[in-house]
1. If I model a spin label as a point 7 Å beyond the Cα along the Cα-Cβ vector, how far apart are those points for ALA210 and SER53 in nm?
2. Could you order peptides 16-22, 162-168, 52-58 by the average number of other Cβ atoms within 10 Å of their residues, highest first?
3. Over the Cα atoms of the range 168-207, what Rg and Dmax result, in angstrom?
4. What nm distance separates the two modelled labels at LYS15 and ILE27, each placed 7 Å from Cα along Cα→Cβ?
5. Can you work out the Karplus-derived ³J(HN,Hα) for every residue in the range 117-125? Use 6.51 cos²θ - 1.76 cosθ + 1.60 with θ = phi - 60°, whole Hz, and x for glycine or proline.
6. Order the peptides 170-181, 187-198, 124-135 from the highest to the lowest mean number of other Cβ atoms within 10 Å of their residues.
7. Set the Förster distance to 35 Å, then compute FRET efficiency between THR130 and PHE41 from the Cβ-Cβ distance, nearest 0.05.
Amino acid sequence: MAVKKSQFTPWSYHKGSSKLHRLPAGIKLAFLFLLSLAAFFPGSPGVNLALLSLIVLILIVLSFASGLGPLRLLRGSGPLFIVVLGVFLFQAFEFSPPGINLEGLRETAIFCVRIASAFAAGTLLFALTTAGEIRKSLSRLEAVLHLEKLRLGLGLSLMLGFLPRFFEIWEDVNLAWKSRGGGNKLSRPVTLIPLAVEKMMIKAAETASALESRGL
């Protein structure tokens, strides 16, 4: 049975000509980074709800403006939410005496929205901006601050570049798993996660060798 590869890999670049695509990479990086930080801003429940609602609304509007749509911004976040829900729901149940901690459930819901907002902001950034554009923007910032010798821009761009790379590898190993008749079994993450980590380590070693050969 043939298995089609997804048309949109999470945190991958989405070619387009929208106004958001044409914005300078530094502006997009700074804005979406601040938006992600704002999602975790501490405050009262009322302030948190109002701020998160505003952030979600902004992300929805930007997703339509970029030609992606809000659902694509959360693609690939399923495993992350399973782990988050598992940890926080465990805290919401009380065993002595048995019962449900409503405050724990509220915190779980708020934290999930925060994680979703940060994940969506990251997806939007990498969908609108290439790794090369991010590197050039960080290099310009280095020049302005006279920090060229530290090569912070190169380090940050490499780190940011590995985030979408993980999802590319995860999509590839999932595709291989499905093409061999693998289903949604518990053995899938147990088998695929170490394989994906191994491929990431190989990619990191190859990148390090390439940088060393260029004297970096």
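Laboratory data are not the source of any read-out in this text; all were calculated from the coordinates shown. The structure presented is a predicted model; accordingly, all values stated were derived computationally and were not measured. Using ideal geometry, Cβ is built from the backbone for each residue, glycine included, and neighbour counts are taken over all protein chains shown.
1. Taking the simple label geometry, ALA210 and SER53 are separated by 4.7 nm.
2. Values: 16-22: 13.3, 162-168: 16.7, 52-58: 15.1.
Highest to lowest by the protection proxy: 162-168, 52-58, 16-22.
3. 10.9, 33
4. The modelled label-to-label distance comes out at 2.4 nm.
5. Coupling constants for the range 117-125: 5, 5, 5, 5, 5, x, 4, 5, 4 Hz.
6. 124-135, 170-181, 187-198
7. 0.75
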